[in-house]
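Structure first, then comments.
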Amino acid sequence: MSRIAAAFRPGRKALVPYLCAGDPFADATVEVMLAMARAGADVIELGVPFSDPMADGPVIQKASERALAKGIGMTQVLDYVRDFRAKNDTTPLVLMGYANPIERYGVDRFIADAKDTGVDGVLVVDYPPEEAEAFASALKRVGLDPIFLLAPTSTEERMQSVGRIASGYVYYVSLKGVTGAGHLDTAAVADMVPRIRKHVSVPVGVGFGIRDAVSAQAVARVADAVVIGSRLVQLMETQTRDTVAPAAAAFIAEIRAALDVVQHEGAGR
């Protein structure tokens, strides 16, 4: 069983935090990842910095800019994964980013090095499933999960395409627009997730607009996983080098406790 498959246990609501590699402190990324894993993160999405992150809002765009200014690229991201794996061999890691850094690095080289360093899944924002079948197959051949996005605008045909080639989990972005924007409509999420499940056999994670324990619980009642990015990045960018890992861990622990309440509600039915 893959690490990602093992993270989605029956009855448990998975917590999937996102952080941009190298931000806010290049030498703290692994420390933050380890702290979040200890605090209850089930999967960690590690963002690959890119100069034109078109699907991301200002918070993550600025995080990416700060990381790039520190010289963080694909080589450094994979080094973070290797260092994390030296101390944690159980928490799944998903690289999340855009096609350009992968293609500049070399697709075949990227897949081989991602596998070698301990990556578990890859989510490429601008690889639509209809154009990514060869890439997804190449990932699967080495045991990596190709993870895809779905959105409120996704058609039944798009859901079918994702369901055919995705593994690990799918990431439903619950808002139209960029990350960190808008108001979370939990009723709309509750309507959409069952539609997705008709076409997708892997777990459904929901992100965008989840900022606290209350919104995390609302999403967890209808989804398999809660993905938190912008709020965590915002929290981390206000910290010092010494406080960034403890602050991230405390936030993750708070959300984990909230999700556990939802889990117990389900067990009591």
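The values are calculated or read from the model by the stated rules, or taken from the named source; none is laboratory data. Everything quoted here is computed from the prediction, not taken from an experiment. Because the Cβ atoms are built from the backbone with ideal geometry, glycine has one as well, and the counts that use them run over all protein chains shown.
Among (1) over 24 Å from T75 (Cα atoms); (2) part of a strand (DSSP E or B); (3) in contact with a Ser or Thr (Cβ under 8 Å, 6 or more places away or on another chain), where does G163 come up short?
Failing condition for G163: (2).
Please indicate, with yes or no, whether at least one residue in the stretch 238-260 is touching a Lys or Arg at 6+ places or on another chain (Cβ under 6 Å), in contact (Cβ under 8 Å) with a residue 24 or more places away in the chain, in a helix (DSSP H, G or I) and of a type outside the set (G, A, S). Let's see the steps before the verdict.
Here is the first cut: in the stretch 238-260, the residues touching a Lys or Arg at 6+ places or on another chain (Cβ under 6 Å) are 259.
Keeping just the survivors that are in contact (Cβ under 8 Å) with a residue 24 or more places away in the chain gives 259.
So of that shortlist, the ones also in a helix (DSSP H, G or I) come out as 259.
From what is left, the residues that are of a type outside the set (G, A, S) are 259.
Taking every residue of the stretch 238-260 in turn, at least one turns out to be touching a Lys or Arg at 6+ places or on another chain (Cβ under 6 Å), in contact (Cβ under 8 Å) with a residue 24 or more places away in the chain, in a helix (DSSP H, G or I) and of a type outside the set (G, A, S).
If a residue has to be buried (at least 17 other Cβ atoms within 10 Å of the Cβ), part of a helix (DSSP H, G or I) and of a type in the set (D, E, K, R) to count, how many in the stretch 214-237 make the cut?
1
Whether any residue in the stretch 54-73 is crowded, with 24+ Cβ neighbours inside 10 Å, touching a helix residue (DSSP H, G or I) at 6+ places or on another chain (Cβ under 6 Å) and without any contact (Cβ under 8 Å) to a residue 60 or more places away in the chain is what I want to check.
Within the stretch 54-73, not a single residue is crowded, with 24+ Cβ neighbours inside 10 Å, touching a helix residue (DSSP H, G or I) at 6+ places or on another chain (Cβ under 6 Å) and without any contact (Cβ under 8 Å) to a residue 60 or more places away in the chain.
Mind listing just one residue for me: the one in the stretch 3-17 that is farther than 22 Å from V173 by Cα and at pLDDT 95 or above and, of those, surrounded by the fewest Cβ atoms within 10 Å (Cβ to Cβ)?
My answer is A6.
A quick yes/no check of all residues on (1) at pLDDT 95 or above; (2) more than 18 Å from the chain's Cα centre (by Cα); (3) more than 23 Å from E237 (Cβ to Cβ); (4) of a type in the set (K, R):
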position: D27; (1), (2), (3), (4): yes, yes, no, no
position: A37; (1), (2), (3), (4): yes, no, no, no
position: S51; (1), (2), (3), (4): no, yes, no, no
position: T75; (1), (2), (3), (4): yes, yes, yes, no
position: V81; (1), (2), (3), (4): yes, no, no, no
position: V94; (1), (2), (3), (4): yes, no, no, no
position: A114; (1), (2), (3), (4): yes, no, yes, no
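So which pairs qualify, if the first residue must be in the stretch 122-139 and surrounded by 13 or more Cβ atoms within 10 Å (Cβ to Cβ), the second must be of a type in the set (D, E) and part of a helix (DSSP H, G or I), the Cβ gap must be under 9 Å, and the two must be at least 6 apart or on different chains?
The qualifying pairs are A138/D108.
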